[in-house]
Amino acid sequence: MFKKIITAEDQDTTHRGVESILKEVVPSVQKTKYCDDAFIKIKASLQENAPYEALITDLQFEEDHRDREITSGEELIAAVKKIIPDIKIIVFSVEKGIGRIKKLFDEYGIHAFVAKGRDESLHIKKALEAVYAKKSYCTPKIKQLLRSVDDIDEIGEEDIKILDFLSKGLSQRQISETLTPSCSLSSVEKNIGRLKVLLNARNPVQLISLAKDRGII
Amino acid sequence: MKHILVASLFLIISCKTVNDESSKDNTELYTQLQNIFNNDSISNVDMLSLTNSYFKKVKNTNRDTLLYRTLLLKTFLHSKEKELDSAIYYSNYFLDKAIEKRDTFYIAKAYLKLGKYNKDEKRLSESFDSYNNSFSFFRSIDSIEAGRALFEMSKIQKKIGDFSGSLETATDALKYSENTDDVKTILGLYQSIATVYREQENYEKAQKYIEKAITLSQSPLGIKKIVRKNLLTCEITQANIHKDQGDYSKATTIFNKLLSDSLVIENKKEKARIQSNLGYTLWLKDKENLKSEKLLQDALKERQKIEDINGLIASNIHLTQYYKGINNEKSLQYAQEALMKSKQVKSLYSIKESLGYIIDLKDNLIYEARLFKEIDNELTKLRRKTQDIYAITRFENDENQKEIQALEVDNVKEKLKKTISIITAIMIGLIGIFFTLFLVRKHKKEKTRVVIRETFQTERRLSKKIHDELANDMSDTLNYVDNHTEIPTTIKTHLVNKLDDIYDRTRDISAEIGGFESKDFAKNLKFLITQHRTKGVKVITNVMTGINWDIVSDHKKINIYRSLQELLVNMKKHSKATEVTVIFKSEENKNFINYMDNGIGVAIDDVPIRGLQNVETRIKNIGGNVTFITSKGNGFKARLYFLN
């Protein structure tokens, strides 16, 4: 398990459960309330040749009397990654916006996302274990949300062209010859098959009618 | 020491005076001066006043060489008397005179002085710049001085933590010094290079250079010229390299050997230095040994007694490390002491190092964080500046050099200056005009942008507030209740479920109103759709390819995003739909978005839905239009149309 980690979290009174779990699992846990403090401590740890191995950070940090340089979790993550590229990052937040979470994984390269809420300490522990074993981790609801991005059925330009040609009475062979960029007969067939499943159509005629209903063509 | 320095100054001067035309007159005065300096009973202050009277005499005459000499002595004495302001002032005066007469050797000499005095004044970038100038004049006339100037530059770079820069400069210095008999500089360079490699944790190379230094000191020329004290530094460095490599017994052996050296026994400063290093090494080897604490404390006390500030910084840092973990309060005290001393000598790098320990040991860091940042910035700035300064000199090729010399001879320099100032004036004028134009345009743009953004920002602010504050508080309350053992389970389960539901909805509000980026707009629209899709709802869309959003303005994107959001919120909340289609289409400069669901629909005439009115207003605002086709029980269709 990790030996030295750091947390950035401005909610003071709370998350005692998380705190005690962390103390149980990791020998050295440094708490900070400001991103700036977290960053500077991480920088100092590097100077002492004993860098932090993981960072657990919130995304939102409320404004108070102190002037801040780094104001959000994302900025902190980016800054920290710059100086310790292989540090493990766990985000611990109330965030539910899929765009923001997806971006955290895709662009900020975080390793785990734990949503605040029920059983949060349990999930923090699981996340630490997963991240330590070089895996990523998400709390179930968030995982489901992320997965649903791929559950959306997308149709492309070519699909729309095929439907359009079909509605104009072209045969599948003619479609494969007319399409630019050209497309083999078998892949035209395959595409029509997929569209039928997608729109729940039994035959080409019904497919066209459904596509028209739905405003696709 | 004083006499050696003065004598060497005279030596340099006399070498250069051979060809002086008014040498007879000069020699006379020169002899007088020399006699005074050879007199032991005269104090620095008296010498200075004598030099001043000579200075007044020769100031307005044409006896250049004598003036240079007097100034060399005058500035030297000022610096001895710690009157650095005067030393710098007269070095500049000296420089001006030498430039006026185009006397390259003395120009270089004046720069060398400015480098030294500015360094004493902790004006590191000015010092570096002066040494650099000195080097560029010396490099074609005097290898020894050129090497020395570069050595000073590399020391400054090391001081500000630019180790690779320091290494580069020191290596260049070696090219000049290695072919001369200036073994002291060569030894210094070897030692300096070794410490830089040590900092970079390249111990093999560090070891190699320190061995080179020791071998040099044993060569015939080395034995003649290198004093024991210079070698001592090398030996301490060697022991420290062993220590860094983890070879503690080798390091300890060297330190112990040095402690019994007669030179060290007499020299309190060096003794304290070795003791502190030995104590630290023993501690690294065995954290519970009984000797370390005493050695470290003794060294500290000795250094306090002899007021060795740099030594005190090192001692305090050793003690910070020693007490860290055993007695953090004490450790912090030593770190703070180290910081204070570092500030006293204005050593940025030591300030940063001490701060690093304080930051690690202390909790409330408002002051330290700011200072750390400031120092870090300053160091970065200095590093960049010095790098820029030397990079130019380094790559000036010989031809360039010749050109400059030719220009000097032909007095074309003045012309060049004139041309440069004209060009500069034109440039400044042009930049001014462009800048004004830029500002005017920016202001105009800003104005429209502000109007568009205002509504958007209000929405964001509110949603952020809900999200950041309410959602966090909800999650806290939820956890509080969940972990509270006094609440009976029957009530708790219900309460927790209820709270969890509220918490989740708070998060939804924010996710719904939350922001988006116009940069990756198609992707953001896809996320928008995903966010509103409940489990089991089938969504068909060509959101990623239907419309090329790159050519649509941000203002339109915002309104499209919000409109689509209204439709999707309605779908999620009221429609009970199981199938949703969102199709995007472009024809020339016209864009369409067709939305359709199979939900329960609404009777538009019966209940005017505010959300839908919003959609209408928004789309009309961007010069498009929207039609809704719906009736109770027949799903919901919306067709949005707008121009690029």
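The values are calculated or read from the model by the stated rules, or taken from the named source; none is laboratory data. None of the values given here were measured: they were computed from a predicted structure. All Cβ positions, glycine included, derive from the backbone under ideal geometry; neighbour counts span all protein chains shown.
Could you run through region B:337-354 and say how many residues are assigned to a helix (DSSP H, G or I), surrounded by fewer than 19 Cβ atoms within 10 Å (Cβ to Cβ) and either out of contact with any Lys or Arg (no Cβ under 8 Å at 6 or more places or on another chain) or of a type in the set (D, E, K, R) (or both)?
Our first condition is that a residue be assigned to a helix (DSSP H, G or I); within region B:337-354, this holds for B:337-344, B:348-354.
Checking the rest, the ones that are also surrounded by fewer than 19 Cβ atoms within 10 Å (Cβ to Cβ) come to B:340, B:343-344, B:349.
Keeping just the survivors that are either out of contact with any Lys or Arg (no Cβ under 8 Å at 6 or more places or on another chain) or of a type in the set (D, E, K, R) (or both) gives B:340, B:343-344.
Number of matching residues: 3.
Select from region B:544-567 the residues that are small (Gly, Ala, Ser) and more than 14 Å from every other protein chain (Cβ to nearest Cβ) and list them in ascending order.
Hits for region B:544-567 are B:Ser553, B:Ser563.
Got a sec? Which strands (runs of 3 or more DSSP E) wholly within region A:1-99 have at least 3 residues that are in contact (Cβ under 8 Å) with a residue 24 or more places away in the chain and among the hydroxyl-bearing types (Ser, Thr, Tyr)?
Numbers: elements: A:4-8, A:28-32, A:54-57, A:88-93.
Hits in region A:1-99: none.
Of the residues A:Leu179, A:Leu145, A:Leu163, A:Leu76, which is more than 12 Å from the chain's Cα centre (by Cα), within 14 Å of chain B (Cβ to nearest Cβ) and more than 25 Å from A:Lys33 (Cβ to Cβ)? Steps first, please.
Details: A:Leu179 fails: within 14 Å of chain B (Cβ to nearest Cβ); A:Leu145 fails: more than 12 Å from the chain's Cα centre (by Cα); A:Leu76 fails: more than 25 Å from A:Lys33 (Cβ to Cβ).
Among A:Leu179, A:Leu145, A:Leu163, A:Leu76, only A:Leu163 is more than 12 Å from the chain's Cα centre (by Cα), within 14 Å of chain B (Cβ to nearest Cβ) and more than 25 Å from A:Lys33 (Cβ to Cβ).
Mind checking whether some residue in region B:471-479 is surrounded by fewer than 21 Cβ atoms within 10 Å (Cβ to Cβ) and more than 8 Å from every other protein chain (Cβ to nearest Cβ)?
Yes, region B:471-479 contains a residue that is surrounded by fewer than 21 Cβ atoms within 10 Å (Cβ to Cβ) and more than 8 Å from every other protein chain (Cβ to nearest Cβ).
Within region A:143-190, which residues are within 30 Å of A:Ser93 (Cα to Cα), surrounded by 17 or more Cβ atoms within 10 Å (Cβ to Cβ) and out of contact with any Ser or Thr (no Cβ under 7 Å at 6 or more places or on another chain)? Spell out how you get there, then give the answer.
Filtering region A:143-190 for residues within 30 Å of A:Ser93 (Cα to Cα) gives A:143-153.
This time we only want the ones that are surrounded by 17 or more Cβ atoms within 10 Å (Cβ to Cβ), so: A:145, A:148-149, A:152.
Once the filter is applied, which keeps residues that are within 30 Å of A:Ser93 (Cα to Cα), surrounded by 17 or more Cβ atoms within 10 Å (Cβ to Cβ) and out of contact with any Ser or Thr (no Cβ under 7 Å at 6 or more places or on another chain), region A:143-190 yields only A:Leu145.
Cβ-Cβ under 6 Å, sequence separation 6+ or interchain: first residue in region B:567-591 and within 19 Å of B:Val626 (Cα to Cα) and at pLDDT below 90, partner buried (at least 21 other Cβ atoms within 10 Å of the Cβ) and of a type in the set (D, E, K, R). Which pairs?
Sorted first by the residue in region B:567-591, then by its partner, the pairs are B:Met571/B:Asp597.
Please work out if B:Val451 is modelled with pLDDT of 65 or more and either more than 10 Å from chain A (Cβ to nearest Cβ) or not in a helix (DSSP H, G or I) (or both). Break it down stepwise before answering.
On the way: modelled with pLDDT of 65 or more: no; either more than 10 Å from chain A (Cβ to nearest Cβ) or not in a helix (DSSP H, G or I) (or both): yes.
The answer is no for B:Val451.
Would you confirm, using the coordinates I've provided, whether A:Pro51 is in contact with a helix residue (DSSP H, G or I) (Cβ under 8 Å, 6 or more places away or on another chain) and surrounded by fewer than 20 Cβ atoms within 10 Å (Cβ to Cβ)? Give the derivation first.
Details: in contact with a helix residue (DSSP H, G or I) (Cβ under 8 Å, 6 or more places away or on another chain): yes; surrounded by fewer than 20 Cβ atoms within 10 Å (Cβ to Cβ): yes.
Against the criterion (in contact with a helix residue (DSSP H, G or I) (Cβ under 8 Å, 6 or more places away or on another chain) and surrounded by fewer than 20 Cβ atoms within 10 Å (Cβ to Cβ)), A:Pro51 qualifies.
Quick one: how many residues across region A:55-96 are more than 19 Å from A:His123 (Cβ to Cβ) and surrounded by fewer than 23 Cβ atoms within 10 Å (Cβ to Cβ)?
Of the residues in region A:55-96, 22 are more than 19 Å from A:His123 (Cβ to Cβ) and surrounded by fewer than 23 Cβ atoms within 10 Å (Cβ to Cβ).
What's the total number of residues in region A:60-73 that are within 9 Å of chain B (Cβ to nearest Cβ) and either among the acidic types (Asp, Glu) or in contact with a Ser or Thr (Cβ under 8 Å, 6 or more places away or on another chain) (or both)?
Here is the first cut: in region A:60-73, the residues within 9 Å of chain B (Cβ to nearest Cβ) are A:60-62, A:66-67, A:69.
Then keep just the ones that are either among the acidic types (Asp, Glu) or in contact with a Ser or Thr (Cβ under 8 Å, 6 or more places away or on another chain) (or both); that gives A:60-62, A:67, A:69.
Number of matching residues: 5.
I'd like the residue in region B:237-258 that is in contact with a Lys or Arg (Cβ under 7 Å, 6 or more places away or on another chain) and aliphatic (A, V, I, L, M) and, out of all such residues, is surrounded by the most Cβ atoms within 10 Å (Cβ to Cβ).
B:Ala251
State the number of residues belonging to region B:355-375 that are over 11 Å from A:Ala44 (Cβ atoms), within 11 Å of another protein chain (Cβ to nearest Cβ) and assigned to a helix (DSSP H, G or I). Please lay out each step first, then the result.
Step one: list which residues in region B:355-375 are over 11 Å from A:Ala44 (Cβ atoms), which gives B:363-364, B:366-367, B:370-371, B:373-375.
From what's left, within 11 Å of another protein chain (Cβ to nearest Cβ): B:363-364, B:366, B:370-371, B:373.
Right, trim to assigned to a helix (DSSP H, G or I) and you get B:366, B:370-371, B:373.
Final tally of qualifying residues: 4.
Having 1 or more residues that are small (Gly, Ala, Ser) is the bar; report the strands (runs of 3 or more DSSP E) wholly within region B:526-631 that clear it. Before the answer, list the steps.
Working: elements: B:538-541, B:579-587, B:590-597, B:625-630.
It comes to B:579-587.
Only residues that are at the interface with chain A (Cβ under 7 Å from one of its Cβ atoms) and either farther than 23 Å from B:Ala577 by Cα or surrounded by fewer than 16 Cβ atoms within 10 Å (Cβ to Cβ) (or both): list them for region B:514-543, please.
Those that are at the interface with chain A (Cβ under 7 Å from one of its Cβ atoms) and either farther than 23 Å from B:Ala577 by Cα or surrounded by fewer than 16 Cβ atoms within 10 Å (Cβ to Cβ) (or both): B:Gly514, B:Phe516.
State which residue is farthest from the other protein chains (Cβ to nearest Cβ) when the search covers only region B:481-504 and only residues that are part of a helix (DSSP H, G or I) and closer than 18 Å to A:Val114 by Cβ.
Step one: of region B:481-504, the residues part of a helix (DSSP H, G or I) are B:481-482, B:489-504.
Imposing the further condition that a residue be closer than 18 Å to A:Val114 by Cβ reduces the set to B:482, B:500, B:503-504.
Details: B:Asp482: 6, B:Asp500: 6, B:Tyr503: 6, B:Asp504: 8 Å.
Among them, the one singled out is B:Asp504.
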